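Please treat every number below as a calculation from the coordinates, not as lab data. Since the structure is predicted, the reported quantities are computational estimates derived from the model, not experimental observations. All Cβ positions, glycine included, derive from the backbone under ideal geometry; neighbour counts span all protein chains shown.
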C-alpha cells in the first residue's frame, strides 16, 4: 500500500471534520482499523464510508488530535475517486480509503480499508527515528485511557515515556509533553 508497513501503523485518521490518532493494521495484504464505538471517527465512517490516513511527524498534532477536535482550518478538502475527503493541512503524506464495517462487538468495530488512490507525498523529507517522538506517541496512547480510568499504573507509564521525551526529544516534543500534561491534569 505504499507507505504502510506490515504491522500496526500509527497515523492521524481524518474523517469529515475530525482528526484522531489511529492504528491501521496491515496484515497479509489486508488493511483494517479497530475503533471504539461512540467516537466521532466511528460515526463518520458509518455515515460517509471513507477515512484518510495522514502521516505527520509533528508531536503536538498527535497530542491535540487525541484529546480535542482541530479547527476546520486545519483540514483540507480533496477529491479522490469522485469522493470529497479531508486531510490534515500539515501532513507530510496522506492516502484515502473506502472504509467498511465488517464486524462489531458491544464496544468496538472492525473496519476494512480499501485504497481509493495511490498515497500522496507532500513533503519528501527523511524523518529519522527519534525516541522523544516515540515517547510522545506511547504517552498519548496511555493518556487517552488514563483520562477515563485514572489508573495509577497508566500514570506511571505516562511518566516513564515523558521522561524519555525530556531526554531524547527536542523543543517540539517538549511542547507536546506540556500539552499532554495539560489534558491529563484537567
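Between the helical axis of 152-168 and the dominant principal axis of the chain, each derived from Cα atoms, what acute angle in degrees is found, rounded to the nearest 10?
For helix 152-168, the angle is close to 90 degrees.
Going by how many other beta carbons lie within 10 Å of each one, how would you line up 47, 87, 155, fewest first? Mind showing how you got there, number by number?
On the way: 47 10, 87 23, 155 15.
Listing 47, 87, 155 from fewest to most nearby Cβ atoms yields 47, 155, 87.
Given R₀ = 30 Å, FRET efficiency for residue 69-residue 118 by Cβ-Cβ distance, to 0.05? It would help to have the intermediate numbers written out before the result.
Working: r = 29 Å, r/R0 = 0.96.
Calculated transfer efficiency: 0.55.
If a/c stays under 1.5 just call it rounded; otherwise compare a/b with b/c (prolate if a/b is bigger, oblate if not). Do that for segment 74-186, with a ≥ b ≥ c from the square roots of the Cα gyration tensor eigenvalues.
oblate
Sort the following peptides by mean Cβ neighbour count (other Cβ atoms within 10 Å, averaged over residues), highest first: 38-45, 132-139.
132-139, 38-45
How would you rank 173-181, 119-127, highest first, on the average number of other Cβ atoms within 10 Å across their residues?
So the order, starting with the most tightly packed, is 173-181, 119-127.
Estimate the FRET efficiency between residue 159 and residue 105 by the formula 1/(1 + (r/R0)^6), using the beta-carbon distance for r and 35 Å for R0, to the nearest 0.05.
Here the calculated transfer efficiency is 0.65.
Between residue 151 and residue 36, what length comes free when the chain is fully extended (0.36 nm per residue of separation minus the Cα-Cα distance, one decimal in nm)?
39.5 nm
Counting each DSSP H run of 4 or more residues in the chain as -39500 (n - 2.57), what helix-only mean residue ellipticity at 222 nm follows after dividing by all residues, to the nearest 500 deg cm²/dmol?
-12000 deg cm²/dmol
Let me know the volume per residue of the alpha-carbon convex hull for segment 142-186, in Å³.
55
What list do you get for 58, 74 if you sort them by fewest beta carbons within 10 Å?
On the way: 58 19, 74 16.
Sorted ascending by nearby Cβ count, the order is 74, 58.
Cα gyration tensor of segment 5-62, axes a ≥ b ≥ c as square roots of the eigenvalues: rounded (a/c below 1.5), prolate (a/b > b/c) or oblate?
The shape class here is oblate.
In nm, give the distance between the simple-model label positions of residue 48 and residue 83, each being 7 Å from the Cα along the Cα-to-Cβ direction.
Rounded to a tenth, the inter-label distance reads 0.9 nm.
Order these by the 10 Å Cβ neighbour count, fewest first: 73, 108.
Lowest count first: 73, 108.
Counting only DSSP beta bridges with both residues in the chain, tell me the antiparallel percent, nearest 5.
Of all bridge pairs located within the chain, approximately 100 percent are antiparallel.
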